[in-house]
1. What shape does the chain take by its C-alpha gyration tensor, where a ≥ b ≥ c are the square roots of the eigenvalues and a/c under 1.5 counts as rounded, a/b above b/c as prolate, and the rest as oblate?
2. Using a Gaussian network model on the chain with a 10 Å cutoff between Cα atoms, which of LYS24, LYS14, LYS37 fluctuates the most?
3. In nm, give the distance between the simple-model label positions of LYS19 and LYS5, each being 7 Å from the Cα along the Cα-to-Cβ direction.
4. Counting Lys and Arg as +1 and Asp and Glu as -1, what is the net charge of the other residues whose Cβ lies under 14 Å from the Cβ of LYS37?
5. Could you give the nm distance between label points at HIS39 and LYS53, where each point is 7 Å from its Cα heading toward the beta carbon?
6. So for ARG8, ARG57, fewest C-beta neighbours within 10 Å to most, what's the order?
7. Given the DSSP H assignment, sum -39500 (n - 2.57) over each helix run of at least 4 residues in the chain and divide by its residue total; what's the result at 222 nm in deg cm²/dmol, nearest 500?
Amino acid sequence: MKTPKIIRGEQIIKVLVKKGYYIKSRGGSHVSLSNGKIHITIVLPITTIGVFKKICRLTGISKEEFL
């Protein structure tokens, strides 16, 4: 599956919450999530592919699970 150039931040948040992350704070277009060990900030409404790949690497969640 080819990775899109941008991905919706809401979709990333939805998957991370399913995987046990919780929303720590929300300020403007930035949403911070954590699972106690890993802290991630996501920009809404869209996130670039570079940030998306970093989130996949940090969390160990495959890109297919997000798409």
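1. Since a/c reaches 1.5 but b/c is at least a/b, the shape of the chain is classed as oblate.
2. For the chain, modelled as a Gaussian network with Cα springs under 10 Å, the answer is LYS37.
3. Computed distance between label sites LYS19 and LYS5 equals 2.5 nm.
4. Neighbour charge sum, excluding LYS37 itself: +2.
5. About 2.6 nm separates the two model spin labels.
6. Least crowded to most crowded, the residues run ARG57, ARG8.
7. Value at 222 nm, helices only: -10000 deg cm²/dmol.
Bear in mind these aren't lab numbers, they're just calculated from the coordinates by the rules spelled out. Keep in mind that what you see is a predicted model, and the values were worked out from it rather than measured. Methodologically, a virtual Cβ is constructed for each residue, glycine included, from the backbone with ideal geometry; neighbour enumeration extends over all protein chains shown.
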